[in-house]
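What follows is one structure encoded as structure tokens, with my remarks underneath.
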Amino acid sequence: MGEHYRDDYFAMTQTNQTNIYGEPLTTCCTSPMTGFFRTGCCETSGDDTGVHTVCAVMTDEFLAFSKAAGNDLSTPMPQYGFPGLKAGDHWCLCAMRWQEALDAGKAPKVNLHATHIRSLEFVDLSDLEAHAL
């Protein structure tokens, strides 16, 4: 698949769901490929029980927090095509995990335009905006 076709595909998926402002959801990250559906967007559906909707920028502090909480995002798992995350990577986090990190004082920065509106079921808009990129 050529890069131009790939860009058209991501642009197409962005219009299907909305961000926290009710606008078309923008791409969170394609390297590494993120999102529940691995489209690069923090799209969600009823099958996404973890609600992977917050587009966050990883920090060493958050990755350590997540690992201690039982969700190791930094260790590569090649059998699942997962490279492991490092500080600076953008990733669609579970909204509830982001809230837990906020409560612990370890919440990473957020790309608001790539964060799905469903995040607002679990996180206050003002908290997300306070952690905007």
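The values are calculated or read from the model by the stated rules, or taken from the named source; none is laboratory data. Fair warning: this is a prediction, and the values are worked out from it, not measured in the lab. Using ideal geometry, Cβ is built from the backbone for each residue, glycine included, and neighbour counts are taken over all protein chains shown.
Here are some notes:
- From the options Ala68, Ala130, Ala87, Ala64, residue that is farther than 17 Å from Thr18 by Cα and in contact with a helix residue (DSSP H, G or I) (Cβ under 6 Å, 6 or more places away or on another chain): Ala87
- Only one entry of Val54, Val123 meets the criterion of being in a loop (DSSP other than H, G, I, E, B) and touching a Leu at 6+ places or on another chain (Cβ under 8 Å), and that entry is Val123.
- Criterion: buried (at least 17 other Cβ atoms within 10 Å of the Cβ) and in a loop (DSSP other than H, G, I, E, B) - qualifying residue of Thr39, Thr49: Thr39
- When each of Gly46, Gly2, Gly70, Gly81 is tested for being modelled with pLDDT under 95 and either within 19 Å of Val123 (Cα to Cα) or in contact with a His (Cβ under 9 Å, 6 or more places away or on another chain) (or both), the lone residue that passes is Gly46.
- Of the residues making up segment 112-133, those that are touching a residue at least 12 places away in the same chain (Cβ under 8 Å), more than 17 Å from Pro24 (Cβ to Cβ) and surrounded by fewer than 21 Cβ atoms within 10 Å (Cβ to Cβ) are Glu121, Phe122, Leu125, Asp127, Glu129, His131, Ala132, Leu133.
- Any hit, segment 18-35, residues being within 20 Å of Leu125 (Cβ to Cβ), hydrophobic (A, V, I, L, M, F, W, C), assigned to a helix (DSSP H, G or I) and in contact (Cβ under 8 Å) with a residue 12 or more places away in the chain: no
- Residues being within 14 Å of His90 (Cβ to Cβ) and of a type in the set (Ser, Thr, Tyr) - total across segment 102-133: 1
- Here Pro108 meets the list (1) assigned to a loop (DSSP other than H, G, I, E, B); (2) out of contact with any strand residue (DSSP E or B) (no Cβ under 7 Å at 6 or more places or on another chain); (3) of a type outside the set (A, V, I, L, M, F, W, C); (4) in contact (Cβ under 8 Å) with a residue 40 or more places away in the chain almost entirely, failing just condition (2).
- Residue count for segment 57-81 under the criterion of being polar (S, T, N, Q), touching a residue at least 24 places away in the same chain (Cβ under 8 Å) and part of a loop (DSSP other than H, G, I, E, B): the result is 2.
- The one condition from (1) farther than 15 Å from Thr34 by Cα; (2) touching a strand residue (DSSP E or B) at 6+ places or on another chain (Cβ under 9 Å); (3) among the hydrophobic types (A, V, I, L, M, F, W, C) that Leu63 does not meet is (2).
- Residues (over 16 Å from Glu43 (Cβ atoms), not charged (D, E, K, R) and not in a loop (DSSP other than H, G, I, E, B)) located in segment 88-105: Met96, Trp98, Gln99, Ala101, Leu102
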